[in-house]
Amino acid sequence: MKGEAWLFTGTALFFGVTAAVYVWLSREPAGTAALCVAFVMAGLVSAFLWRQYRRGGERPEDRGEAEVREAAGRRFHFPARSFFPVLAAAGSALIGLGVVEGLWLCLIGFGVLLPGVVGFAFQDLGHPEAE
């Protein structure tokens, strides 16, 4: 994860510096907001990857002298089939339609989205390989 973390750290720094220069030179709010959002998104991915690197340690892919066989075996846990991603997608679509149609549809969308996201995030909480 170290290589990926450095990549997204560099991306976040690029967007941060670009946003600062853009604000200083243009004073235009739409571009500033877009660059700030890009900076925050890249920063969040970067923080997650650094956290995973510190938590899981160095992988064979992070070392230049590693052998291919060191990365063999089961490494990740993938959950079984689940309806939670579909529920989350339907809730997101309803929220998007609610922005156009009205608040009532948006509230229904949040009601559908919340159990989808919570279920999707915690469906394998007790599984021993999910760490």
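The values are calculated or read from the model by the stated rules, or taken from the named source; none is laboratory data. None of these values were measured; they are calculated from a predicted model. All Cβ positions, even for glycine, are placed from backbone atoms using ideal geometry, and neighbour counts span all protein chains on display. Each accessible area value is taken on the protein alone, full model and side chains, heavy atoms only, with ligands, DNA and RNA left out. Shrake-Rupley method; radii C 1.70, N 1.55, O 1.52, S 1.80 Å.
Name, by its number, the condition in (1) in contact (Cβ under 8 Å) with a residue 12 or more places away in the chain; (2) of a type outside the set (Phe, Trp, Tyr); (3) open to solvent by 80 Å² or more (accessible area, probe 1.4 Å) that does not hold for Arg69.
(1)
Residues are listed down the side, and each one gets a yes or a no for (1) open to solvent by 70 Å² or more (accessible area, probe 1.4 Å); (2) assigned to a helix (DSSP H, G or I):
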residue: Leu7; (1), (2): yes, yes
residue: Thr18; (1), (2): no, yes
residue: Gly31; (1), (2): no, yes
residue: Gln52; (1), (2): no, yes
residue: Arg55; (1), (2): yes, yes
residue: Ser82; (1), (2): no, no
residue: Ala89; (1), (2): no, yes
residue: Gly109; (1), (2): no, yes
residue: Val117; (1), (2): yes, yes
